[in-house]
Amino acid sequence: MEVPKDQITLLLDHGLYNSAQILGSFLVSSPASNAESSLYLKTESLVLLGDSFFREREHRRAINTYKQALQCYKMIPKQNVTSSRSSLSSNRSSSPNSCNAPVINENEVKFKIASCHCSLNENKAALVEMEGIPSKARNLPMNMLLGKLYRISRHSRAAVAIYKECLRHCPYALEAVIALAELGSTAKDIISLFPQNPNRSGRTPFDHIDSSRWLQRYVEAQCNIASNDYKGGLEHFTDLLQRFPNNVHLLLEIAKVEAIIGKNEEAIMNFEKARSIDPYVITYMDEYAMLLKLKSDYSKLNKLVHDLLNIDPARPEVFVALSVLWERKDEKRALSYAEQSIQIDERHITGYIMKGNLLLTMKRADAAVSAFRGAQELRPDIRAYQGLVQTYLALSKIKEALYASREAMRAMPQSAKALKLVGDVHASNSSGREKAKKFYESALRLEPGYLGAALALAELHVIEGRNVDAVNLLERYLKDWADDSLHVKLAQVFAATNMLQEALTHYQAALRLNPQNEAAKRGLERLEKLMKGVDPDAPEEDEDNDVEDVDGDQDETELL
(Lines give C-alpha, C1' and ligand atoms only; values in the text may rest on other atoms or scores of the structure.)
Protein backbone atom coordinates (compact mmCIF):
# COMPACT_ATOMS: atom_id res chain seq x y z
CA MET A 1 0.00 0.00 0.00
CA GLU A 2 1.02 3.63 -0.49
CA VAL A 3 0.96 4.72 3.17
CA PRO A 4 2.19 2.23 5.82
CA LYS A 5 -0.54 1.99 8.45
CA ASP A 6 1.72 0.27 10.94
CA GLN A 7 3.97 3.34 10.95
CA ILE A 8 1.14 5.47 12.40
CA THR A 9 0.79 2.96 15.23
CA LEU A 10 4.54 3.20 15.78
CA LEU A 11 4.41 7.01 15.91
CA LEU A 12 1.51 6.92 18.38
CA ASP A 13 3.37 4.42 20.57
CA HIS A 14 6.38 6.75 20.65
CA GLY A 15 4.32 9.83 21.48
CA LEU A 16 4.94 11.55 18.14
CA TYR A 17 1.30 12.60 17.81
CA ASN A 18 1.76 15.48 15.39
CA SER A 19 3.66 13.24 12.98
CA ALA A 20 0.92 10.63 13.40
CA GLN A 21 -1.70 13.26 12.51
CA ILE A 22 0.11 14.29 9.34
CA LEU A 23 0.73 10.70 8.25
CA GLY A 24 -2.87 9.82 9.17
CA SER A 25 -4.23 12.48 6.84
CA PHE A 26 -2.26 10.85 4.00
CA LEU A 27 -3.52 7.41 4.98
CA VAL A 28 -7.19 8.43 5.15
CA SER A 29 -7.02 10.21 1.78
CA SER A 30 -5.07 7.47 -0.02
CA PRO A 31 -6.83 5.75 -2.99
CA ALA A 32 -6.40 2.38 -1.25
CA SER A 33 -8.38 3.53 1.78
CA ASN A 34 -11.15 5.08 -0.29
CA ALA A 35 -11.83 2.15 -2.58
CA GLU A 36 -15.28 0.64 -2.07
CA SER A 37 -13.71 -2.73 -1.41
CA SER A 38 -11.49 -1.30 1.35
CA LEU A 39 -14.00 -0.04 3.92
CA TYR A 40 -12.20 -1.99 6.63
CA LEU A 41 -8.96 -0.14 5.82
CA LYS A 42 -10.78 3.21 5.80
CA THR A 43 -12.29 2.36 9.21
CA GLU A 44 -8.95 1.45 10.76
CA SER A 45 -7.29 4.51 9.25
CA LEU A 46 -9.93 6.83 10.70
CA VAL A 47 -9.55 5.27 14.16
CA LEU A 48 -5.78 5.79 14.02
CA LEU A 49 -6.25 9.39 12.91
CA GLY A 50 -8.78 9.87 15.73
CA ASP A 51 -6.21 8.45 18.18
CA SER A 52 -3.68 11.06 17.07
CA PHE A 53 -6.24 13.86 17.67
CA PHE A 54 -7.21 12.35 21.03
CA ARG A 55 -3.60 12.19 22.24
CA GLU A 56 -3.09 15.83 21.24
CA ARG A 57 -6.26 16.76 23.18
CA GLU A 58 -8.03 17.90 20.04
CA HIS A 59 -11.16 16.28 21.38
CA ARG A 60 -13.76 17.63 18.96
CA ARG A 61 -11.69 16.53 15.96
CA ALA A 62 -11.22 13.15 17.62
CA ILE A 63 -14.99 12.72 18.21
CA ASN A 64 -15.77 13.63 14.61
CA THR A 65 -13.15 11.23 13.25
CA TYR A 66 -14.16 8.34 15.52
CA LYS A 67 -17.81 8.77 14.48
CA GLN A 68 -16.78 8.64 10.82
CA ALA A 69 -14.95 5.40 11.62
CA LEU A 70 -18.09 3.91 13.20
CA GLN A 71 -20.15 4.93 10.14
CA CYS A 72 -17.69 3.13 7.85
CA TYR A 73 -17.73 0.14 10.17
CA LYS A 74 -21.51 -0.15 9.83
CA MET A 75 -21.18 -0.22 6.04
CA ILE A 76 -18.85 -3.23 6.05
CA PRO A 77 -20.76 -6.38 5.04
CA LYS A 78 -21.41 -8.54 8.09
CA GLN A 79 -19.76 -11.60 6.59
CA ASN A 80 -16.46 -9.73 6.45
CA VAL A 81 -16.42 -8.97 10.16
CA THR A 82 -15.49 -11.73 12.56
CA SER A 83 -17.31 -12.25 15.81
CA SER A 84 -14.19 -11.63 17.89
CA ARG A 85 -14.69 -7.90 18.35
CA SER A 86 -13.10 -7.86 21.75
CA SER A 87 -9.54 -7.66 20.40
CA LEU A 88 -7.74 -4.43 21.14
CA SER A 89 -7.04 -2.03 18.29
CA SER A 90 -3.31 -2.65 18.77
CA ASN A 91 -3.87 -6.21 17.55
CA ARG A 92 -5.43 -5.13 14.26
CA SER A 93 -3.91 -6.70 11.14
CA SER A 94 -1.87 -4.39 9.00
CA SER A 95 -2.50 -6.42 5.84
CA PRO A 96 -5.00 -4.89 3.38
CA ASN A 97 -6.07 -8.35 2.29
CA SER A 98 -7.14 -9.64 5.69
CA CYS A 99 -10.86 -9.07 5.15
CA ASN A 100 -11.83 -11.63 7.78
CA ALA A 101 -9.66 -10.11 10.56
CA PRO A 102 -11.42 -8.02 13.21
CA VAL A 103 -11.45 -4.46 11.86
CA ILE A 104 -11.87 -2.37 15.01
CA ASN A 105 -13.20 -2.78 18.51
CA GLU A 106 -16.46 -0.82 18.22
CA ASN A 107 -16.87 -0.62 22.00
CA GLU A 108 -13.34 0.69 22.42
CA VAL A 109 -14.10 3.48 19.93
CA LYS A 110 -17.30 4.39 21.81
CA PHE A 111 -15.23 4.53 25.02
CA LYS A 112 -12.78 6.92 23.35
CA ILE A 113 -15.67 9.13 22.17
CA ALA A 114 -17.07 9.17 25.72
CA SER A 115 -13.62 10.07 27.11
CA CYS A 116 -13.43 13.00 24.67
CA HIS A 117 -16.87 14.23 25.78
CA CYS A 118 -15.74 14.01 29.43
CA SER A 119 -12.67 16.10 28.66
CA LEU A 120 -15.01 18.70 27.15
CA ASN A 121 -17.25 18.51 30.26
CA GLU A 122 -20.08 17.09 28.13
CA ASN A 123 -21.07 14.43 30.62
CA LYS A 124 -24.55 13.68 29.28
CA ALA A 125 -23.19 12.94 25.81
CA ALA A 126 -20.46 10.80 27.38
CA LEU A 127 -23.05 8.80 29.35
CA VAL A 128 -25.07 8.12 26.19
CA GLU A 129 -21.96 6.65 24.53
CA MET A 130 -21.04 4.54 27.55
CA GLU A 131 -24.54 3.13 27.96
CA GLY A 132 -24.29 1.97 24.35
CA ILE A 133 -21.56 -0.50 25.36
CA PRO A 134 -22.97 -3.88 26.51
CA SER A 135 -22.16 -4.66 30.16
CA LYS A 136 -20.34 -7.89 29.24
CA ALA A 137 -18.08 -5.99 26.84
CA ARG A 138 -17.00 -3.35 29.38
CA ASN A 139 -13.50 -3.58 30.82
CA LEU A 140 -12.16 -1.94 34.00
CA PRO A 141 -11.43 1.55 32.55
CA MET A 142 -14.86 1.57 30.90
CA ASN A 143 -16.61 0.70 34.16
CA MET A 144 -14.60 3.29 36.06
CA LEU A 145 -15.66 6.01 33.63
CA LEU A 146 -19.28 4.84 33.65
CA GLY A 147 -19.33 4.89 37.46
CA LYS A 148 -17.99 8.45 37.45
CA LEU A 149 -20.63 9.54 34.92
CA TYR A 150 -23.47 7.93 36.88
CA ARG A 151 -22.22 9.72 39.97
CA ILE A 152 -22.08 13.08 38.21
CA SER A 153 -25.61 12.57 36.92
CA ARG A 154 -26.66 11.61 40.49
CA HIS A 155 -27.66 8.06 39.64
CA SER A 156 -26.13 6.85 42.90
CA ARG A 157 -27.53 3.32 42.88
CA ALA A 158 -26.23 2.66 39.36
CA ALA A 159 -22.86 4.17 40.32
CA VAL A 160 -22.57 1.85 43.33
CA ALA A 161 -23.29 -1.22 41.18
CA ILE A 162 -20.65 -0.22 38.62
CA TYR A 163 -17.96 0.61 41.20
CA LYS A 164 -18.57 -2.75 42.88
CA GLU A 165 -17.97 -4.42 39.55
CA CYS A 166 -14.68 -2.52 39.30
CA LEU A 167 -13.51 -3.91 42.64
CA ARG A 168 -14.54 -7.45 41.75
CA HIS A 169 -12.29 -7.08 38.73
CA CYS A 170 -9.45 -5.32 40.54
CA PRO A 171 -9.46 -4.76 44.34
CA TYR A 172 -6.66 -2.23 43.99
CA ALA A 173 -8.81 0.21 42.02
CA LEU A 174 -8.68 2.60 44.98
CA GLU A 175 -10.66 5.27 43.15
CA ALA A 176 -13.62 2.88 43.31
CA VAL A 177 -13.01 2.29 47.04
CA ILE A 178 -13.17 6.03 47.73
CA ALA A 179 -16.28 6.46 45.58
CA LEU A 180 -18.13 3.59 47.28
CA ALA A 181 -17.23 4.95 50.72
CA GLU A 182 -18.57 8.38 49.77
CA LEU A 183 -21.71 6.77 48.35
CA GLY A 184 -22.45 5.14 51.70
CA SER A 185 -21.06 1.60 51.42
CA THR A 186 -19.63 0.09 54.61
CA ALA A 187 -16.06 -1.16 54.93
CA LYS A 188 -17.40 -4.71 55.36
CA ASP A 189 -19.39 -4.48 52.11
CA ILE A 190 -16.39 -3.16 50.19
CA ILE A 191 -13.92 -5.72 51.54
CA SER A 192 -16.36 -8.54 50.72
CA LEU A 193 -16.00 -7.61 47.02
CA PHE A 194 -12.32 -8.50 46.93
CA PRO A 195 -11.57 -11.76 45.04
CA GLN A 196 -11.34 -14.82 47.27
CA ASN A 197 -10.58 -17.49 44.62
CA PRO A 198 -7.47 -19.51 45.46
CA ASN A 199 -4.46 -19.00 43.20
CA ARG A 200 -2.21 -21.75 41.89
CA SER A 201 -0.39 -22.03 45.21
CA GLY A 202 -3.70 -22.81 46.95
CA ARG A 203 -3.60 -19.55 48.88
CA THR A 204 -6.27 -16.93 48.34
CA PRO A 205 -4.83 -13.66 47.01
CA PHE A 206 -5.81 -11.79 50.18
CA ASP A 207 -4.66 -14.36 52.72
CA HIS A 208 -1.19 -12.91 52.78
CA ILE A 209 -0.90 -10.35 55.58
CA ASP A 210 1.22 -7.89 53.63
CA SER A 211 -1.16 -7.79 50.70
CA SER A 212 -4.39 -7.50 52.62
CA ARG A 213 -4.16 -5.76 55.98
CA TRP A 214 -3.00 -2.41 54.69
CA LEU A 215 -5.68 -2.41 51.98
CA GLN A 216 -8.43 -3.30 54.45
CA ARG A 217 -7.16 -0.59 56.81
CA TYR A 218 -7.27 1.89 53.92
CA VAL A 219 -10.89 0.92 53.14
CA GLU A 220 -11.82 1.38 56.81
CA ALA A 221 -10.15 4.81 56.88
CA GLN A 222 -12.04 6.03 53.81
CA CYS A 223 -15.35 4.74 55.19
CA ASN A 224 -14.67 6.47 58.52
CA ILE A 225 -14.02 9.77 56.77
CA ALA A 226 -17.08 9.41 54.52
CA SER A 227 -19.29 8.80 57.58
CA ASN A 228 -17.71 11.84 59.32
CA ASP A 229 -15.89 9.69 61.90
CA TYR A 230 -12.78 11.80 61.48
CA LYS A 231 -11.07 10.52 64.63
CA GLY A 232 -11.30 6.89 63.45
CA GLY A 233 -10.21 7.80 59.93
CA LEU A 234 -7.24 9.77 61.21
CA GLU A 235 -6.11 6.86 63.40
CA HIS A 236 -6.22 4.44 60.44
CA PHE A 237 -4.37 6.84 58.13
CA THR A 238 -1.73 7.50 60.80
CA ASP A 239 -1.18 3.75 61.27
CA LEU A 240 -0.79 3.33 57.52
CA LEU A 241 1.70 6.21 57.38
CA GLN A 242 3.90 4.46 59.94
CA ARG A 243 4.02 1.48 57.62
CA PHE A 244 4.43 3.57 54.46
CA PRO A 245 6.48 6.60 55.59
CA ASN A 246 6.61 9.64 53.30
CA ASN A 247 3.55 8.39 51.39
CA VAL A 248 2.33 11.59 49.71
CA HIS A 249 -1.24 10.35 49.29
CA LEU A 250 -1.52 9.47 53.00
CA LEU A 251 0.04 12.77 54.08
CA LEU A 252 -2.50 14.66 51.98
CA GLU A 253 -5.43 12.63 53.33
CA ILE A 254 -4.25 13.19 56.91
CA ALA A 255 -3.78 16.92 56.30
CA LYS A 256 -7.26 17.22 54.81
CA VAL A 257 -8.86 15.52 57.84
CA GLU A 258 -6.81 17.64 60.26
CA ALA A 259 -8.02 20.77 58.46
CA ILE A 260 -11.64 19.60 58.77
CA ILE A 261 -11.39 18.98 62.53
CA GLY A 262 -9.57 22.25 63.17
CA LYS A 263 -6.01 20.98 63.71
CA ASN A 264 -4.76 23.71 61.43
CA GLU A 265 -1.10 23.76 62.45
CA GLU A 266 -0.77 19.99 62.08
CA ALA A 267 -2.56 20.15 58.71
CA ILE A 268 -0.23 22.88 57.43
CA MET A 269 2.79 20.87 58.56
CA ASN A 270 1.60 17.75 56.69
CA PHE A 271 0.71 19.69 53.55
CA GLU A 272 4.20 21.20 53.60
CA LYS A 273 5.78 17.80 54.15
CA ALA A 274 3.85 16.39 51.17
CA ARG A 275 5.05 19.32 49.02
CA SER A 276 8.65 18.82 50.14
CA ILE A 277 8.48 15.20 48.92
CA ASP A 278 6.52 16.02 45.75
CA PRO A 279 6.78 19.74 44.84
CA TYR A 280 4.43 19.29 41.89
CA VAL A 281 1.44 17.84 43.73
CA ILE A 282 -1.84 19.75 43.22
CA THR A 283 -4.36 17.52 45.02
CA TYR A 284 -5.91 19.35 48.04
CA MET A 285 -3.66 22.35 47.55
CA ASP A 286 -6.75 24.58 47.62
CA GLU A 287 -7.39 23.27 51.16
CA TYR A 288 -3.80 24.22 52.03
CA ALA A 289 -4.37 27.69 50.51
CA MET A 290 -7.42 28.21 52.75
CA LEU A 291 -5.38 27.31 55.83
CA LEU A 292 -2.64 29.75 54.88
CA LYS A 293 -5.24 32.49 54.53
CA LEU A 294 -6.70 31.66 57.96
CA LYS A 295 -3.19 32.02 59.34
CA SER A 296 -2.77 35.28 57.37
CA ASP A 297 0.43 33.86 55.86
CA TYR A 298 0.09 35.70 52.55
CA SER A 299 3.71 35.29 51.61
CA LYS A 300 3.42 31.47 51.57
CA LEU A 301 -0.01 31.72 49.94
CA ASN A 302 1.37 33.87 47.14
CA LYS A 303 4.23 31.45 46.51
CA LEU A 304 1.86 28.47 46.55
CA VAL A 305 -0.41 30.01 43.91
CA HIS A 306 2.60 30.94 41.79
CA ASP A 307 3.88 27.35 41.96
CA LEU A 308 0.47 25.86 41.14
CA LEU A 309 0.06 28.10 38.09
CA ASN A 310 3.40 26.87 36.79
CA ILE A 311 2.46 23.22 37.33
CA ASP A 312 -1.04 23.04 35.78
CA PRO A 313 -3.19 26.17 35.46
CA ALA A 314 -6.21 24.15 34.30
CA ARG A 315 -6.91 22.28 37.56
CA PRO A 316 -9.88 23.35 39.74
CA GLU A 317 -7.67 23.44 42.85
CA VAL A 318 -5.56 26.15 41.21
CA PHE A 319 -8.60 28.36 40.58
CA VAL A 320 -9.79 27.96 44.18
CA ALA A 321 -6.30 28.88 45.41
CA LEU A 322 -6.40 31.95 43.13
CA SER A 323 -9.78 32.84 44.60
CA VAL A 324 -8.36 32.58 48.13
CA LEU A 325 -5.42 34.81 47.18
CA TRP A 326 -7.58 37.51 45.58
CA GLU A 327 -10.31 37.53 48.23
CA ARG A 328 -8.90 40.45 50.22
CA LYS A 329 -7.85 42.44 47.11
CA ASP A 330 -10.71 42.03 44.65
CA GLU A 331 -13.81 40.09 45.70
CA LYS A 332 -15.35 40.07 42.21
CA ARG A 333 -12.21 38.62 40.70
CA ALA A 334 -12.01 36.07 43.50
CA LEU A 335 -15.63 35.08 42.83
CA SER A 336 -14.86 34.65 39.15
CA TYR A 337 -12.00 32.25 39.98
CA ALA A 338 -14.25 30.23 42.32
CA GLU A 339 -16.88 29.93 39.57
CA GLN A 340 -14.22 28.82 37.07
CA SER A 341 -13.17 26.00 39.40
CA ILE A 342 -16.77 24.72 39.36
CA GLN A 343 -16.93 25.00 35.56
CA ILE A 344 -13.84 22.79 35.31
CA ASP A 345 -15.19 20.23 37.79
CA GLU A 346 -18.81 20.55 38.87
CA ARG A 347 -18.13 18.17 41.78
CA HIS A 348 -15.32 20.28 43.29
CA ILE A 349 -16.68 21.02 46.76
CA THR A 350 -14.16 23.66 47.82
CA GLY A 351 -15.15 25.71 44.77
CA TYR A 352 -18.75 25.88 46.02
CA ILE A 353 -17.67 26.67 49.58
CA MET A 354 -15.34 29.45 48.43
CA LYS A 355 -18.07 30.84 46.19
CA GLY A 356 -20.58 30.78 49.06
CA ASN A 357 -18.20 32.56 51.45
CA LEU A 358 -17.48 35.28 48.89
CA LEU A 359 -21.15 35.83 48.10
CA LEU A 360 -21.89 36.09 51.82
CA THR A 361 -19.13 38.69 52.23
CA MET A 362 -20.54 40.58 49.25
CA LYS A 363 -23.97 40.58 50.96
CA ARG A 364 -25.52 38.38 48.27
CA ALA A 365 -26.98 36.02 50.83
CA ASP A 366 -29.59 34.32 48.63
CA ALA A 367 -26.95 33.36 46.07
CA ALA A 368 -24.67 32.20 48.90
CA VAL A 369 -27.37 29.77 50.08
CA SER A 370 -27.43 28.16 46.62
CA ALA A 371 -23.63 27.78 46.60
CA PHE A 372 -23.51 26.19 50.06
CA ARG A 373 -26.40 23.88 49.16
CA GLY A 374 -24.47 22.86 46.04
CA ALA A 375 -21.54 21.75 48.21
CA GLN A 376 -23.78 20.01 50.72
CA GLU A 377 -25.57 17.97 48.04
CA LEU A 378 -22.25 16.59 46.83
CA ARG A 379 -21.08 15.50 50.26
CA PRO A 380 -21.84 16.49 53.86
CA ASP A 381 -19.12 19.02 54.67
CA ILE A 382 -19.18 20.96 57.93
CA ARG A 383 -18.04 24.12 56.10
CA ALA A 384 -21.12 23.99 53.88
CA TYR A 385 -23.37 23.75 56.94
CA GLN A 386 -21.45 26.55 58.66
CA GLY A 387 -21.93 28.72 55.59
CA LEU A 388 -25.65 27.95 55.46
CA VAL A 389 -26.13 28.82 59.13
CA GLN A 390 -24.19 32.09 58.82
CA THR A 391 -26.13 33.03 55.71
CA TYR A 392 -29.55 32.30 57.21
CA LEU A 393 -28.61 34.27 60.32
CA ALA A 394 -27.56 37.17 58.09
CA LEU A 395 -31.01 36.97 56.48
CA SER A 396 -32.63 36.78 59.96
CA LYS A 397 -34.06 33.39 58.99
CA ILE A 398 -33.63 31.80 62.41
CA LYS A 399 -35.86 28.82 61.68
CA GLU A 400 -33.90 27.90 58.55
CA ALA A 401 -30.59 28.38 60.39
CA LEU A 402 -31.75 26.07 63.16
CA TYR A 403 -32.89 23.47 60.63
CA ALA A 404 -29.53 23.60 58.81
CA SER A 405 -27.58 23.23 62.07
CA ARG A 406 -29.70 20.23 63.12
CA GLU A 407 -29.24 18.77 59.67
CA ALA A 408 -25.47 18.99 60.25
CA MET A 409 -25.87 17.16 63.57
CA ARG A 410 -27.80 14.33 61.98
CA ALA A 411 -25.24 13.99 59.20
CA MET A 412 -22.32 14.20 61.65
CA PRO A 413 -23.51 12.92 65.05
CA GLN A 414 -19.94 12.70 66.39
CA SER A 415 -18.93 16.20 65.27
CA ALA A 416 -18.25 18.82 67.93
CA LYS A 417 -18.42 21.46 65.18
CA ALA A 418 -22.00 20.45 64.39
CA LEU A 419 -22.94 20.78 68.08
CA LYS A 420 -21.33 24.22 68.20
CA LEU A 421 -23.30 25.21 65.10
CA VAL A 422 -26.63 24.59 66.89
CA GLY A 423 -25.28 26.63 69.80
CA ASP A 424 -24.42 29.51 67.45
CA VAL A 425 -28.03 29.71 66.28
CA HIS A 426 -29.35 29.84 69.85
CA ALA A 427 -26.70 32.38 70.85
CA SER A 428 -27.97 34.75 68.14
CA ASN A 429 -30.78 35.89 70.44
CA SER A 430 -30.85 36.61 74.16
CA SER A 431 -33.54 34.10 75.07
CA GLY A 432 -31.58 31.21 73.57
CA ARG A 433 -28.27 31.78 75.35
CA GLU A 434 -28.82 29.12 78.01
CA LYS A 435 -29.41 26.54 75.29
CA ALA A 436 -26.34 27.81 73.45
CA LYS A 437 -24.24 27.32 76.59
CA LYS A 438 -25.35 23.68 76.84
CA PHE A 439 -24.47 22.98 73.23
CA TYR A 440 -21.03 24.61 73.56
CA GLU A 441 -20.33 22.59 76.70
CA SER A 442 -21.47 19.39 74.96
CA ALA A 443 -19.14 20.17 72.05
CA LEU A 444 -16.22 20.55 74.47
CA ARG A 445 -17.07 17.30 76.24
CA LEU A 446 -17.08 15.54 72.88
CA GLU A 447 -13.86 17.21 71.73
CA PRO A 448 -12.03 18.94 74.61
CA GLY A 449 -9.49 20.47 72.24
CA TYR A 450 -12.02 22.26 70.04
CA LEU A 451 -10.98 25.89 70.42
CA GLY A 452 -13.89 27.19 68.36
CA ALA A 453 -16.36 26.00 71.00
CA ALA A 454 -14.15 27.31 73.82
CA LEU A 455 -13.99 30.76 72.22
CA ALA A 456 -17.75 30.79 71.61
CA LEU A 457 -18.45 29.80 75.22
CA ALA A 458 -16.06 32.49 76.46
CA GLU A 459 -17.85 35.06 74.30
CA LEU A 460 -21.16 33.94 75.80
CA HIS A 461 -19.75 34.38 79.32
CA VAL A 462 -18.66 37.93 78.42
CA ILE A 463 -22.05 38.84 76.91
CA GLU A 464 -23.78 37.70 80.11
CA GLY A 465 -21.27 39.55 82.33
CA ARG A 466 -19.38 36.47 83.54
CA ASN A 467 -15.93 37.86 82.74
CA VAL A 468 -14.16 35.83 85.44
CA ASP A 469 -15.60 32.59 83.98
CA ALA A 470 -14.45 33.66 80.51
CA VAL A 471 -10.89 34.38 81.74
CA ASN A 472 -10.68 31.08 83.66
CA LEU A 473 -11.86 29.11 80.62
CA LEU A 474 -9.43 30.78 78.23
CA GLU A 475 -6.44 30.53 80.60
CA ARG A 476 -7.18 26.83 81.10
CA TYR A 477 -6.98 26.29 77.35
CA LEU A 478 -3.83 28.37 77.03
CA LYS A 479 -1.99 25.88 79.25
CA ASP A 480 -2.31 23.24 76.54
CA TRP A 481 -2.74 25.22 73.33
CA ALA A 482 -0.52 28.14 72.32
CA ASP A 483 -3.04 29.72 69.98
CA ASP A 484 -3.13 33.36 68.90
CA SER A 485 -6.96 33.48 68.85
CA LEU A 486 -7.05 32.51 72.56
CA HIS A 487 -4.66 35.35 73.40
CA VAL A 488 -6.75 37.83 71.38
CA LYS A 489 -9.97 36.81 73.14
CA LEU A 490 -8.29 37.08 76.56
CA ALA A 491 -6.91 40.50 75.64
CA GLN A 492 -10.39 41.65 74.62
CA VAL A 493 -11.88 40.46 77.92
CA PHE A 494 -9.14 42.18 79.95
CA ALA A 495 -9.48 45.39 77.92
CA ALA A 496 -13.25 45.41 78.50
CA THR A 497 -12.66 45.18 82.28
CA ASN A 498 -9.99 47.95 82.15
CA MET A 499 -7.12 45.54 82.92
CA LEU A 500 -4.99 47.19 80.26
CA GLN A 501 -1.58 45.76 81.14
CA GLU A 502 -2.89 42.19 81.02
CA ALA A 503 -4.62 42.99 77.71
CA LEU A 504 -1.34 44.36 76.32
CA THR A 505 0.52 41.19 77.32
CA HIS A 506 -1.94 38.94 75.48
CA TYR A 507 -2.12 41.09 72.32
CA GLN A 508 1.67 40.97 72.13
CA ALA A 509 1.66 37.20 72.71
CA ALA A 510 -0.87 36.77 69.89
CA LEU A 511 1.32 38.75 67.49
CA ARG A 512 4.40 36.77 68.45
CA LEU A 513 2.53 33.59 67.48
CA ASN A 514 0.99 35.13 64.35
CA PRO A 515 2.37 38.51 63.25
CA GLN A 516 -0.40 38.77 60.64
CA ASN A 517 -3.32 38.50 63.09
CA GLU A 518 -5.46 41.49 62.09
CA ALA A 519 -7.65 41.39 65.22
CA ALA A 520 -4.55 41.55 67.41
CA LYS A 521 -3.13 44.45 65.38
CA ARG A 522 -6.34 46.47 65.63
CA GLY A 523 -6.78 45.66 69.32
CA LEU A 524 -3.20 46.60 70.16
CA GLU A 525 -3.46 49.89 68.28
CA ARG A 526 -6.62 50.83 70.17
CA LEU A 527 -5.16 49.67 73.49
CA GLU A 528 -2.01 51.77 73.06
CA LYS A 529 -4.16 54.87 72.53
CA LEU A 530 -6.12 54.09 75.69
CA MET A 531 -2.92 53.62 77.69
CA LYS A 532 -1.70 57.01 76.45
CA GLY A 533 -4.90 58.59 77.65
CA VAL A 534 -6.23 59.12 74.14
CA ASP A 535 -9.88 58.24 73.64
CA PRO A 536 -9.88 56.14 70.43
CA ASP A 537 -12.87 56.00 68.14
CA ALA A 538 -15.10 53.24 69.38
CA PRO A 539 -15.03 50.26 66.99
CA GLU A 540 -18.19 49.45 65.10
CA GLU A 541 -20.21 46.93 67.02
CA ASP A 542 -23.05 44.88 65.64
CA GLU A 543 -26.12 45.60 67.68
CA ASP A 544 -27.94 42.52 68.90
CA ASN A 545 -31.07 42.08 66.86
CA ASP A 546 -33.87 40.88 69.05
CA VAL A 547 -35.44 37.99 67.26
CA GLU A 548 -38.20 35.69 68.23
CA ASP A 549 -36.96 32.51 69.83
CA VAL A 550 -37.82 29.65 67.56
CA ASP A 551 -38.01 26.24 69.16
CA GLY A 552 -37.73 23.28 66.85
CA ASP A 553 -40.22 20.48 66.81
CA GLN A 554 -37.59 17.98 67.88
CA ASP A 555 -36.57 17.67 71.51
CA GLU A 556 -33.02 18.99 71.65
CA THR A 557 -32.23 17.06 74.80
CA GLU A 558 -31.87 14.04 72.54
CA LEU A 559 -29.41 15.88 70.32
CA LEU A 560 -27.32 16.88 73.31
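The values are calculated or read from the model by the stated rules, or taken from the named source; none is laboratory data. Computed from a predicted structure; not experimentally measured. Using ideal geometry, Cβ is built from the backbone for each residue, glycine included, and neighbour counts are taken over all protein chains shown. Each accessible area value is taken on the protein alone, full model and side chains, heavy atoms only, with ligands, DNA and RNA left out. Shrake-Rupley method; radii C 1.70, N 1.55, O 1.52, S 1.80 Å.
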So for each of 249-255, 5-11 I average, over its residues, the number of other beta carbons within 10 Å; can you give me the resulting order with the highest mean first? 249-255, 5-11
Projected-area mean, region 98-185, by convex hull of Cα positions, square nanometres: 6.5
For Lys231, Lys42, Lys263, Lys303, what's the largest-to-smallest order of accessible area, 1.4 Å probe? Lys231, Lys303, Lys263, Lys42
Extension gain from Thr505 to Ser153, taking 0.36 nm per residue of separation minus the Cα-Cα distance: 121.1 nm
Peptides ranked, highest mean first, by Cβ atoms within 10 Å: ranges 460-466, 322-328: 322-328, 460-466
Sorted largest first, the C-alpha extents of region 430-506 along its principal axes in whole angstrom are 34, 29, 15
Accessible area per residue, 1.4 Å probe, Å², for the chain: what's the number? 50
Cα lying deepest toward the dipole's positive end in the chain, options Val128, His348, Ile254, charges on Cβ: Val128
Quick one: the Cα spread of region 372-457 along its three principal axes, in angstroms, biggest first? 31, 26, 18
For region 308-399, the Cα-Cα pair-distance distribution in 10 Å bins from 0, as whole percents, is 20, 49, 26, 5, 1
Net dipole in debye of the chain [+1 Lys, Arg Cβ; -1 Asp, Glu Cβ; about Cα centre; nearest 20]: 2140
Is region 221-306 rounded, prolate or oblate when judged by the Cα gyration tensor, a ≥ b ≥ c being the square roots of its eigenvalues, rounded requiring a/c under 1.5 and prolate requiring a/b larger than b/c? oblate
Straight-line reach from Lys67: which lysines have Cα under 20 Å away, leaving out those fewer than 8 places along the same chain? Lys5, Lys42, Lys78, Lys110, Lys112, Lys124
Cut-off under 18 Å on the C-alpha distance; same-chain residues fewer than 8 positions from Lys529 excluded. Which lysines are left, in chain and number order? Lys521
Any idea how far apart Met269 and Leu16 come out in nm if each label point goes 7 Å out from Cα toward Cβ? 5.3
Compute and list, largest first, the equivalent-ellipsoid semi-axes of the chain from the alpha carbon gyration tensor, each √(5λ) rounded to a whole angstrom. 57, 26, 22
Fraction of accessible area attributable to carbon and sulfur, the chain (%, probe 1.4 Å): 48
Those lysines that a straight Cα-Cα span of less than 21 Å connects to Lys438, excepting residues fewer than 8 apart in one chain: Lys399, Lys417, Lys420, Lys489
